[in-house]
Amino acid sequence: MKGLDGREKRAGSEMHLPNLYPENDSDAPPAPEYCIDGSSIGNFARFINHSCQPNLFVQCVMSSHNDVKLAKVMLFAADTILPLQELSYDYGYRLDSVVGPDGKIVKLPCHCGAPDCRKRLY
Ligand SMILES: C[S@@+](CC[C@H](N)C(=O)[O-])C[C@H]1O[C@@H](n2cnc3c(N)ncnc32)[C@H](O)[C@@H]1O
């Protein structure tokens, strides 16, 4: 995918957004695409690494409204997490989905160490 304002854009980020319209609804707007950019401000989630065998999963949550643009991106435990165990989630990149400013595909090796590691984040 093309860069977003000079930054890399994660493909498939819309995967976690709920579809509020019936399938094949011609009145439905195109699926929204978002980029959460933690380069200048963020919270503890900035320090959570990717794992191909994560102990967290990501879910968009709307509680007091139905505006998907204001959904909270929340992390939930996918398993019992013992004290001092590293938290991780699957960043969800599609391989070859990140394109650098020069138009070339950017590849990032994965070091999560999971037995079934996909070997690359993207
Ligand atoms: C949200 S930060 C995670 C925290 C980061 N490791 C740090 O020390 O601040 C995401 C970046 O961490 C690195 N990273 C996270 N998980 C990784 C993994 N499994 N293998 C290689 N690099 C990873 C990548 O550079 C990625 O862009």
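Structure data summary
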| item | result |
| --- | --- |
| Nonlocal amide H pairs with Ser88, under 5 Å, H built at 1.01 Å | Asn55, Leu56 |
| DSSP-assigned coil residues among trypsin sites (Lys or Arg not before Pro) in region 30-102, each with at most 12 further Cβ atoms within 10 Å | Arg94 |
| Neighbourhood charge, 12 Å Cβ-Cβ cut-off, centred on Leu95 and excluding it, Lys, Arg +1 and Asp, Glu -1 | +4 |
| Charge context of Phe57, other residues only, Cβ under 11 angstrom, K/R +1, D/E -1 | -2 |
| D_trans [Stokes-Einstein, Kirkwood Rh over alpha-carbon pairs] for region 68-122, 20 °C, 1.002 mPa s, µm² s⁻¹ | 153 µm²/s |
| Distance between modelled label sites at Ile48 and Gln85, nm, 7 Å Cα→Cβ extension | 1.4 nm |
| Spin-label model distance (nm) - Ala78 vs Arg120, 7 Å beyond Cα toward Cβ | 2.1 nm |
| Student exercise, region 43-122 dipole from Lys, Arg, Asp, Glu Cβ charges, in Debye to nearest 20 | 240 debye |
| Distance between region 83-101 and region 57-78 - C-alpha centres, whole angstrom | 18 Å |
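Since every read-out is calculated from the coordinates, none of them should be taken as a lab result. On a predicted model such as this, the values are computed, not experimentally measured, just so you know. We place every Cβ from the backbone using ideal geometry, glycine too, and count neighbours over all the protein chains shown.
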